[in-house]
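Asks: The structure under discussion is supplied below as structure tokens; questions concerning it will follow.
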């Protein structure tokens with residue numbers, strides 16, 4: 001019956017423990033271990049102290065007993081049966097060594113000295129005199145004497161003729177030893193109590209910190225979250241690489257391994273990302289808290305569209321998450337989107353511009369100025385038609401023609417004089433040159449020229465575009481009426497984030513220009529114009545060539 005009750009209590013206790021959360025289980029186990037360790041250490045320490053103290057006191061008692069047994073006063077007192085002389089001699093010594101008793105007995109065990117004078121002349125008790133009186137040995141023993149349980153050192157007194165004539169017994173009561181041990185016990189209890197209290201607090205802190213670190217999740221939830229994470233990463237078609245604050249790859253999904261060339265995870269995870277993409281290590285810097293989106297980088301002989309997002313854990317930056325996809329997978333969409341954007345910009349500008357013109361024409365008609373309205377219609381139509389006719393004749397490529405026409409409309413909207421050199425010729429654009437690369441290069445350079453011209457308030461905004469396909473290269477020259485670029489910015493002009501514009505979101509255009517030129521083997525020359533502005537000259541070889549330098553600034 002009793003066993004059944006105990007077993008039921010054990011089952012209930014196990015059920016309660018199973019219901020505890022992970023951090024509570026850790027706290028319970030840690031606290032139990034601390035209690036067991038402290039209790040075990042305390043018991044061992046007290047046991048060791050008591051044994052060691054008894055050994056030391058026993059050695060002291062034996063040493064005093066041997067010394068007294070060899071003294072002439074004790075030997076002569078036993079021979080003369082002079083109890084008073086022996087009592088006086090040993091009592092003086094006993095008080096100096098703090099012994100509880102020093103008893104001198106003759107060969108029959110009769111006392112010649114004792115702290116209690118009434119016991120002098122009586123037989124020694126304890127039954128531990130045999131080895132001293134019969135065998136002549138010196139030793140320590142523990143026995144119950146007339147004063148109680150005591151630890152004794154005994155030594156025989158031997159005459160000059162070698163006959164055992166008595167013994168000396170020096171003793172310390174066990175109760176006195178226990179008093180000393182108890183004093184140490186209280187100290188141990190105090191220290192061990194502090195250790196136990198500190199351990200309990202530390203355990204609670206660690207368990208709470210652990211709970212916070214794992215967001216309060218239980219083992220089953222952690223396992224499920226991990227499995228879900230693996231499934232999600234495996235299902236994403238984009239490559240994902242997680243990099244810690246030291247630049248080491250900590251996680252990668254299957255798509256990333258495939259895009260990077262079927263790399264073995266063991267050769268990527270745990271290694272520095274700078275070895276994978278040494279030219280773009282700045283993109284992965286955990287010190288940079290800035291996000292980058294849709295950056296073109298070259299890796300594994302292919303172009304990737306890359307996005308970087310800082311990894312923030314508990315308010316601290318702990319690395320970055322990089323996602324990327326092949327540029328070839330979205331090249332068709334990119335081309336279509338580029339054309340749509342150009343057409344959208346052109347239509348938006350034309351809608352705004354023609355709305356103003358229509359309002360003007362309507363006003364002229366209402367006031368009866370028919371001739372002036374007709375002249376305005378004729379001039380507007382003929383000027384735009386001339387530009388379209390020129391582009392059709394000079395730039396038969398629809399993507400480039402649409403880009404230039406769109407920029408022309410933007411320039412009109414911003415009151416910028418956008419001049420296209422009438423001697424330009426761009427009839428031979430090789431099919432090997434991706435049109436989206438040309439759109440990126442020319443679009444960014446023309447936009448920068450527009451911004452620089454508008455920023456210079458000392459001159460009328462003006463941008464000149466010249467193009468030629470004569471010779472082995474395609475050459476584009478863009479001159480602005482801005483105030484120029486300082487030497488420091490010119491030195492770092494292709495660095496991601498470098499810009500002269502105070503607004504957010506800039507500092508990426510020239511980086512993209514340089515990246516695209518590198519991929520198609522082009523170069524960029526930067527010189528100062530006579531007006532104070534800048535001349536950007538782009539050289540793109542018509543024939544296929546190996547990778548050339550893409551940041552030739554002069």
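The values are calculated or read from the model by the stated rules, or taken from the named source; none is laboratory data. Given the structure is predicted, the values throughout are model-derived calculations rather than measurements. All Cβ positions, even for glycine, are placed from backbone atoms using ideal geometry, and neighbour counts span all protein chains on display.
Asks: Sort out which residues of region 396-411 are under 18 Å from residue 451 (Cβ atoms) and either in contact (Cβ under 8 Å) with a residue 60 or more places away in the chain or outside the structural domain of residue 462 (by TED's automatic domain parsing) (or both), and write them in order of number.
Replies: Residues satisfying the conditions are 403, 404, 406, 409, 410.
Asks: Could you please give the count of residues in region 36-64 that are in contact (Cβ under 8 Å) with a residue 60 or more places away in the chain and more than 17 Å from residue 185 (Cα to Cα)?
Replies: Looking only at that region, the number is 8.
Asks: Any residue in region 18-26 that is under 27 Å from residue 191 (Cβ atoms) and modelled with pLDDT under 80?
Replies: The answer is yes, given that some residue of region 18-26 is under 27 Å from residue 191 (Cβ atoms) and modelled with pLDDT under 80.
Residue-wise test of (1) at pLDDT 70 or above; (2) touching a helix residue (DSSP H, G or I) at 6+ places or on another chain (Cβ under 7 Å).
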| site | (1), (2) |
| --- | --- |
| 249 | yes, yes |
| 271 | yes, no |
| 280 | no, no |
| 298 | yes, yes |
| 313 | yes, no |
| 345 | no, yes |
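Asks: Given the residues 440, 468, 499, which is the only one that is under 23 Å from residue 541 (Cα atoms) and at pLDDT below 90?
Replies: 440
Asks: So which residues in region 452-468 are in a loop (DSSP other than H, G, I, E, B) and crowded, with 18+ Cβ neighbours inside 10 Å, if there are any at all?
Replies: 456, 461
Asks: Could you list, in sequence order, the residues of region 144-173 that are surrounded by fewer than 16 Cβ atoms within 10 Å (Cβ to Cβ) and closer than 22 Å to residue 63 by Cβ?
Replies: 149, 159, listed by residue number.
Asks: Here's something else I'd like to know. Just name the residue that is farthest from residue 165 (Cα to Cα) out of those in region 72-90 that are in contact with a strand residue (DSSP E or B) (Cβ under 9 Å, 6 or more places away or on another chain) and surrounded by fewer than 15 Cβ atoms within 10 Å (Cβ to Cβ).
Replies: Across region 72-90, the extreme among qualifying residues is 81.
Asks: Going by what's in this entry, would residue 489 be described as buried (at least 21 other Cβ atoms within 10 Å of the Cβ) and either at negative phi or assigned by TED's automatic domain parsing to the domain that holds residue 303 (or both)?
Replies: When the stated conditions are applied, residue 489 does not pass them.
Asks: Taking the options 104, 125, name whichever one is assigned by TED's automatic domain parsing to the domain that holds residue 75 and within 17 Å of residue 63 (Cβ to Cβ).
Replies: On inspection, the qualifying residue turns out to be 104.
Asks: Take the residues in region 179-190 that are in contact with a helix residue (DSSP H, G or I) (Cβ under 9 Å, 6 or more places away or on another chain) and either closer than 15 Å to residue 40 by Cα or without any contact (Cβ under 8 Å) to a residue 12 or more places away in the chain (or both), then tell me which one is surrounded by the fewest Cβ atoms within 10 Å (Cβ to Cβ).
Replies: Here the answer is 189.
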